[in-house]
Amino acid sequence: RRVREAVVSTQSTGVMVATYPRNGTALCLSLCMHIHIAQNPDLPSDHPFFTELEGDRGQTPWVHNKFIYEKEKIENMAGPRVFKTHNYYMHLNVDPGTLKIIHVYRNPKDVVCSQFHHMAPPVPYLAKMFEFEGSFSDCCDYFLDGGLENGCYWEFNREFLDNKDGHTMLHINYEELTLRKRDGIRKINEFLGYPAMTEEQVDAVVKGTTLVKLRKNQVGKPGKAREMLTAEQRERFDEKCRKEFDGYEGIPESYFSESAYMGQN
């Protein structure tokens, strides 16, 4: 793993979305932005949320890439501010302070499906970057062994769930942000410190963050593993979750159970 220097400080204000790759980064970032917009109707038109630049260099910067960002520029961004990271908890390089963290995790059976589409053709620049030429079965094996892009999914998420340094942190799963989206929006809204949203405000956030709008970021509903994984492969993932998440509360049953996964909607 490469350890990257953080370009936000302990006393930075804002929220940082921390995810293992393909765990709902784009969706949660979009939800945070639209909640801020709904709660701050007087935001100026030149605020980063309204720029044409998206992702890395515009609305929601990566906070662990000093090769792209100047620390002073990040610190001088107008609030409210939303950042993102794929760094492991041990490599955040940010002490607990005013910066809030939203940790999003997703059913690994769906993550491996998204990872495969992310790494394999027909996306030429990604295929070249990852140099992955294996089958989907190979991808599943690598994932279960912790051998893909960001290392071990279970180690990554356990570190954030443990939160040993005591960051101000919200743990939320991808299924809450898709299958129970309105409840997920209210949970994030409360974490950001805003008063309860009206139904009209929630409607506006839902409308601004539809899966159609986010499709370019390969954001989809849970359940892809129904089609892509065999029953034997799904059981391997369930068994891995039962072992690696043993003793952790709040993990959805669909991460451990075939019937719960197949029955979610």
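The values are calculated or read from the model by the stated rules, or taken from the named source; none is laboratory data. The shown structure was predicted, so the numbers you read here are calculated from the model rather than taken from an experiment. Counting neighbours? That spans all protein chains shown, and the Cβs are built from the backbone with ideal geometry, glycine included. Note: accessible area is taken over every heavy atom of the protein model, side chains too, but ligands, DNA and RNA are not part of it. Shrake-Rupley method; radii C 1.70, N 1.55, O 1.52, S 1.80 Å.
A few notes on this one:
- Where a residue in the range 191-204 is farther than 13 Å from Lys181 by Cβ and its partner, wherever it lies, is in a loop (DSSP other than H, G, I, E, B) and open to solvent by 60 Å² or more (accessible area, probe 1.4 Å), with Cβ under 9 Å and at least six apart: Phe191/Thr168
- Members of the range 191-210 found to be in a helix (DSSP H, G or I) and under 15 Å from Cys28 (Cβ atoms), listed by number: Phe191, Val205, Val206, Gly208
- Restricting the range 31-58 to residues that are surrounded by 13 or more Cβ atoms within 10 Å (Cβ to Cβ) and part of a loop (DSSP other than H, G, I, E, B), the residue that is modelled with the lowest pLDDT is Glu54.
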